[in-house]
Each structure stands twice: as C-alpha cells, then as structure tokens.
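Heads up, the thing below is written out as structure tokens.
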Amino acid sequence: MSFMDCICCGFGATVLLYMILNSGQDRHAKDALGPTQSETNRLEQQVLEGQAQLVELRNTLERVREEDAATQGLSTRLIDVVRQSRVELATGELSTLAKREHVNRLQADLRSLEEGAKRLTGGAPSPEVPGDKVRSFVGDGDRQYLSGLKVGGRHILLLVDASASMLSETIVNAVRRRLLPDADRVRADKWRRAVRAADWLSAQIPRDALFQIYVFDTGARAVLPGSDGKWLEARDRKALDGAIAQLRETAPQGGTSLENAFAAAAALDPPPDNILLLTDGLPTQGAVAPRQRTVSGKERLKLFGRAVQALPRGTPVNTLLFPMEGDPMAAPAYWKLAMATNGAFLTPSRDWP
C-alpha cells in the first residue's frame, strides 16, 4: 500500500472510534438527565397551580373586602334605626305622661263638680234610678262625639284588629316595630288609638245588653281569657273593665284574617245583632296562611269578599277604619259593606276620642 492509503485508513479508523465513543456518551447523558427533567416538569406544574391558586385567593380576598364594606354599611344603618327607635320611644313616653297628667286633672275636676252637685242637691242621686251606661270614658279635649255610629243592640260584638299593621300607619315602621318586645308594641301610637276607641265604644254599651270583645290577627279569640263563644253581661262592670284591661295588654302581631274574625262572630250563639269592627285595611290572608310571602291589592279584595260571605246574615257592621298606607281600596270596600249591612263607616281623626 502507498503512504496515502495508510493515512486514509488511520483517519477513518479514528473517525469511526470517535463516533462509537460519542454515541455511548449521548445515551448515558440522556439516561442521567431523565429524572432531572421529570422533576423540572413537576416543579413547573406546581408553579402553574400555585399561580392559579394565588389568583383565586386574590379574588376571594376582594369579595371578602366587598362583603366587609357592605356589612359595615348595614351595621351603620341598623345603629341609626336603633337610635331613631329610642328617640321615638322616649318621645312617646313623654307624650303618655303628659296625657296621663291631663286625664288626672280632668278626673279631679269631674270629682269636684260631682261633689258640688251633691252639695247643691242635698245628697247623691238615688241608687234606684241607674243610668243607661255601665262605664264612663274621659277623652282628650272636647272630642267626645262620634256621629252616625250605632252602638245599640241586644248582642254587641267588638272586633278589634290586632295584627302587626296596627303598629303604625306606614308599612316600613310597622315592619320594623313588629320585631320589638311586647312591652314596646303595646305602646305604639296607632294601637293605643284603637284601644281608646274600643274603650269609648264599651262605655256606650247599654246596661241591659250582652257584649263580647274579640281580637283577631291570623286567628280570632276573645280578649277576656276563658270567655270564647260566650256572651258577657254589660251590667257586669268587672267583666267589661277586665276586657278593656286585657285589650290594653294585647301586643299586635302577625297577619290579618278577616275571614276567621267573621267566622268567630257567626259561631256565637245567638249571633250578634251589632258588630263594631276596628281595623286598618283589607285582610292579608284567608282562613289559612298563604304560601307566598306577599299579596297583591286584587288578592286582598278577593279575601275581603270571602270574609264577607262568613258574616252572620242580617248583622249590621259598623267599621272604624284607621287607614294604612298602600291600601287605597280599603275605604270603599268597608263603605260598601256598611251600605250592604245597614251599618256605618267612619275614619276617626287622630285626636279622637
């Protein structure tokens, strides 16, 4: 062989040896880097998951901050409502004290006049000639009248609405005050007006009549415990005073079922020949509570029509309406009832009786 052939053969052998050695090193490097690459991929996946969780935590933190701001606003409003309620209660207590002092002065003047009349006549009136009325009622000022209301009859029934709407003339205040304790609810101005009206009516009941006083909300019951379904004698001063005292301690609550009230009136034996109804609007439910939480004006008119069907036949209904906002159909509905039953319909002023 020539020298050139030897050199080419040596160079080829060197290249072949290099290729063989380099191929083994690549496989070894790949085998060595395999676990490291897997660990790198796992760490990259954890980083991606951590970033996603970080975004979710930031969103949750933002929602918590928004809820905290809303809660702080609500707490501020609740604090304002509580402060306003305390101011109203304090004002009502002052008004009550002033009215009591006025009543005490009037009663003292009345006693003085009675003593003067006894001195002028030479003694007290003869007990053999009793008056027609069992009780007396002293109102505020000179508002001692109520025209057109028929309080006579042999069996007289007073139906007094004691639902939560009787706590105020506005829906917002009625909803707010229904959560107050019983001791606060019995002091509501609207409810005290209704109680004073019932007190005045009780003083007009004839001595020889029978009476009963029922309160109604979602149901109806006699205000005097143990007297459900029974007529009481008007000449029994203790029973009449006790019924009015129990009425003063009744705290308005719940919805209004006029159907149950009229059904209770029809269940009396004998049925009443005069019903005196004190209420503030159309009923909000029938004999049973509705499934929905709200009731429309048309539905209330339908409930009123069903309640009228439960009335005892031939009984006049005399209504005293203490209007509630948002119930414009109440006045014409009760006026039509008065016309249909030969009764009366009245809306007394705020200073009566």
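The values are calculated or read from the model by the stated rules, or taken from the named source; none is laboratory data. Everything numeric here is computed off the predicted structure, so don't read it as measured data. Ideal geometry is used to build each Cβ from the backbone, glycine not excepted, and the neighbour counts take in all protein chains shown. We work out accessible area using only protein heavy atoms, side chains counted, and drop any ligands, DNA or RNA first. Shrake-Rupley method; radii C 1.70, N 1.55, O 1.52, S 1.80 Å.
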Failed item in (1) modelled with pLDDT of 80 or more; (2) loosely packed, with under 10 Cβ neighbours inside 10 Å; (3) not aliphatic (A, V, I, L, M), with THR71 passing the rest: (2)
Count of the stretch 337-348 residues which are touching a Pro at 6+ places or on another chain (Cβ under 6 Å) and either in a strand (DSSP E or B) or surrounded by 20 or more Cβ atoms within 10 Å (Cβ to Cβ) (or both): 1
Given (1) modelled with pLDDT of 75 or more; (2) assigned to a helix (DSSP H, G or I); (3) open to solvent by 50 Å² or more (accessible area, probe 1.4 Å), index of the condition ALA198 fails: (3)
Among residues of the stretch 206-231, those that are surrounded by fewer than 21 Cβ atoms within 10 Å (Cβ to Cβ) and under 32 Å from the mean Cα position of the chain (by Cα), counted: 12
Contacts under 7 angstrom Cβ, first residue in the stretch 85-98 being closer than 16 Å to ALA183 by Cα, partner modelled with pLDDT of 75 or more and among the acidic types (Asp, Glu), 6 or more apart: LEU89/ASP184; GLY92/ASP189
Cβ pairs under 9 Å, 6+ apart, first in the stretch 222-250 and of a type in the set (S, T, N, Q), second in a loop (DSSP other than H, G, I, E, B): GLN246/VAL223; GLN246/LEU224; GLN246/PRO225; THR250/ALA162; THR250/VAL186; THR250/VAL223
Any pair with Cβ under 7 angstrom, 6 or more apart, that starts in the stretch 251-276 at a residue that is within 28 Å of THR294 (Cβ to Cβ) and ends at one that is aromatic (Phe, Trp, Tyr) and crowded, with 19+ Cβ neighbours inside 10 Å: PRO252/TRP191; SER257/PHE216; LEU258/PHE304; ASN260/PHE216; ALA261/TYR214; ALA261/PHE216; ALA264/TYR214
Failed item in (1) within 26 Å of ASP269 (Cα to Cα); (2) open to solvent by 10 Å² or more (accessible area, probe 1.4 Å); (3) in a helix (DSSP H, G or I), with TYR334 passing the rest: (2)
Matching residues in the stretch 235-251 - criterion: being in a helix (DSSP H, G or I) and of a type outside the set (A, V, I, L, M): ARG237, LYS238, ASP241, GLY242, GLN246, ARG248
Single residue of the stretch 158-176 satisfying the filter (more than 29 Å from ALA263 (Cα to Cα) and free of Cβ contacts under 8 Å to residues at least 60 places away in the same chain) that is least open to solvent (accessible area, probe 1.4 Å): ASN173
